[in-house]
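S.K.: First the structure, which I've put down as structure tokens, then a few questions once you've had a look.
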Amino acid sequence: MKLLCFLFAIFFSTHTAKAQMPDLLKQYYSYVNQAEMQVVESDYVLASLLYDSAFNYLTQPFGRDLYNRAVCASLLRDYKTADTLLTFLVAKAYPIDSLTIRAVFQEFFESDRGKQLIRFADTNPEHYDVKLRHLVDSILVVDQHFRKMEGGYDVYGDTIKKIDRSNVDLIEQLIAKHGFPSQALIGVYPDFDYWSIRIMIIHNQVGGWGEENQYLNFTDILYQAIYKGALDVRLASQLVAGSLGNDIYGDWLTGIERHGLELENQDAIDSTLSDWGFIKPSDQMERDIDSIRAGIGLCSLQDTRTKTVYGMHDNRFKMTDPTGRRILLWSNKNQYEEAVSNMIPTE
């Protein structure tokens, strides 16, 4: 806990956002969060109303929110609304197969409107900049080529670094010419994660592989995109943290973890594993983090925890992007016991 307090003391003093998020965008995120909390309560009628209120504040709502609203509509058998929303996503490059395999949409796709959407998808609708999408995706292909070859960084390290820098130069040029590659501009990906551009940003984060890994600090580019509504802050917060080298929005606290005691008999580790839980900050730390999060439209840590736990049991909705699942092993029994005692349980 002493280390945790120290790290947060550092990032509170290094918050570098220079502008402010527009009130309209804050209202959007506020309504979406309220909608998601109603989803947790299984009140899909109220959740739908709150999503619709959110959509009034943003010309191009984010894909995952449209998706979740479509799930609500499907559960309520409001197939007209589900059709409208899913048709929009398909036209923005969302794979129809990724929808038809979802059990929550099964009855919808058995309806006349659902069958009509499948036929619509066969026409290859493209309501986005197809050439730019292909170019951005091709950058990812080049990025991954040598990384996936046998030997990877050890053999092709210099080549990978040159490619990374060339890719960053190209990305800068594309953003200067077209703007940030938003979902409105180049369409959506199955997990609504901006993956093609996101991996380039990750390669340029603080603490990456190799010397001088941060060829370009994307912080200002990310903030500009966030404030313009071109980049979903719920995904961007982790990218900002990586670019700054400081987890200023407390994303680390939204991941679930287990603790184990490292014993001489490695087979005995499993017997010491704790239940899943979250890192527990002090009350003051949580208030400070929530204040910073609110300034950029992020919901509170507690709301995020609630939605993360919900997502562990119900995958029909796409609501949270926690930092993942971690298993931490301790060699010192006292430290292990302290870590376990300072967890917020998931149940």
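S.K.: In segment 38-87, how many residues are assigned to a loop (DSSP other than H, G, I, E, B) and either in contact with a strand residue (DSSP E or B) (Cβ under 9 Å, 6 or more places away or on another chain) or open to solvent by 40 Å² or more (accessible area, probe 1.4 Å) (or both)? First the steps, then the outcome.
M.R.: Step one: list which residues in segment 38-87 are assigned to a loop (DSSP other than H, G, I, E, B), which gives 41-43, 56-62, 76-78.
Now drop any that are not either in contact with a strand residue (DSSP E or B) (Cβ under 9 Å, 6 or more places away or on another chain) or open to solvent by 40 Å² or more (accessible area, probe 1.4 Å) (or both), which leaves 41-43, 56-57, 59-60, 76-78.
Residues flagged as assigned to a loop (DSSP other than H, G, I, E, B) and either in contact with a strand residue (DSSP E or B) (Cβ under 9 Å, 6 or more places away or on another chain) or open to solvent by 40 Å² or more (accessible area, probe 1.4 Å) (or both) within segment 38-87 amount to 10.
S.K.: In addition: When the residues of segment 171-213 are narrowed to those that are modelled with pLDDT of 90 or more, over 18 Å from the mean Cα position of the chain (by Cα) and surrounded by 14 or more Cβ atoms within 10 Å (Cβ to Cβ), which ends up nearest to Val90 (Cα to Cα)?
M.R.: Step by step, filter segment 171-213, then rank; the result is Leu185.
S.K.: Moving to a separate point now. What are the residue pairs meeting all of these: first residue in segment 241-257, first residue open to solvent by less than 10 Å² (accessible area, probe 1.4 Å), second residue among the acidic types (Asp, Glu), Cβ atoms under 7 Å, and 6 or more apart or on different chains?
M.R.: none
S.K.: Residue under question is Arg147, and the condition is that it be assigned to a helix (DSSP H, G or I) and touching a residue at least 12 places away in the same chain (Cβ under 8 Å); does it hold?
M.R.: Judged against the criteria, Arg147 is not a match.
S.K.: Asp112 passes all but one of (1) surrounded by 12 or more Cβ atoms within 10 Å (Cβ to Cβ); (2) without any contact (Cβ under 8 Å) to a residue 40 or more places away in the chain; which number fails?
M.R.: The number of the failed condition is (1).
S.K.: List the number of the failed condition for Leu117; all other conditions in (1) more than 19 Å from Asn68 (Cα to Cα); (2) surrounded by 14 or more Cβ atoms within 10 Å (Cβ to Cβ); (3) not polar (S, T, N, Q) hold.
M.R.: Evaluating Leu117 over (1) more than 19 Å from Asn68 (Cα to Cα); (2) surrounded by 14 or more Cβ atoms within 10 Å (Cβ to Cβ); (3) not polar (S, T, N, Q) leaves (1) as the failure.
S.K.: Restricting the search to segment 289-340, which residues are on the phi > 0 side of the Ramachandran plot and either among the polar types (S, T, N, Q) or at pLDDT 95 or above (or both)?
M.R.: Initially, segment 289-340 is screened for residues on the phi > 0 side of the Ramachandran plot, giving 297, 324.
Listed by number, the list holds a single entry, Gly297.
S.K.: Could you run through segment 72-94 and say how many residues are within 19 Å of the chain's Cα centre (by Cα) and either among the hydrophobic types (A, V, I, L, M, F, W, C) or closer than 26 Å to Pro22 by Cβ (or both)?
M.R.: Of the residues in that region, 3 qualify.
S.K.: Kindly list the number of the only condition in (1) without any contact (Cβ under 8 Å) to a residue 60 or more places away in the chain; (2) more than 24 Å from Ala184 (Cβ to Cβ) that fails for Val104.
M.R.: Here Val104 clears every test but (1).
S.K.: Name the residues in segment 117-134 that are closer than 13 Å to Gly187 by Cβ and either of a type in the set (D, E, K, R) or in a helix (DSSP H, G or I) (or both), would you?
M.R.: Glu126, Asp129, Val130, Lys131, Leu132, Arg133, His134
S.K.: Please work out which one of (1) at pLDDT 95 or above; (2) assigned to a helix (DSSP H, G or I); (3) surrounded by 13 or more Cβ atoms within 10 Å (Cβ to Cβ); (4) more than 20 Å from the chain's Cα centre (by Cα) is the condition Phe8 fails and give its number.
M.R.: The failed condition is (1).
S.K.: Out of Val104, Val155, which single residue is out of contact with any Pro (no Cβ under 6 Å at 6 or more places or on another chain), part of a helix (DSSP H, G or I), surrounded by fewer than 14 Cβ atoms within 10 Å (Cβ to Cβ) and of a type in the set (Val, Ile, Thr)?
M.R.: Val155
S.K.: Out of everything in segment 314-347 that is of a type in the set (Lys, Arg) and out of contact with any helix residue (DSSP H, G or I) (no Cβ under 6 Å at 6 or more places or on another chain), what residue ends up being most open to solvent (accessible area, probe 1.4 Å)?
M.R.: Only one residue tops the list, namely Arg325.
The values are calculated or read from the model by the stated rules, or taken from the named source; none is laboratory data. Just so you know, these numbers come straight off a predicted model, no measurement behind them. Counting neighbours? That spans all protein chains shown, and the Cβs are built from the backbone with ideal geometry, glycine included. When the accessible area is computed, the model is the full protein with side chains, heavy atoms only, and any ligands, DNA or RNA have been set aside. Shrake-Rupley method; radii C 1.70, N 1.55, O 1.52, S 1.80 Å.
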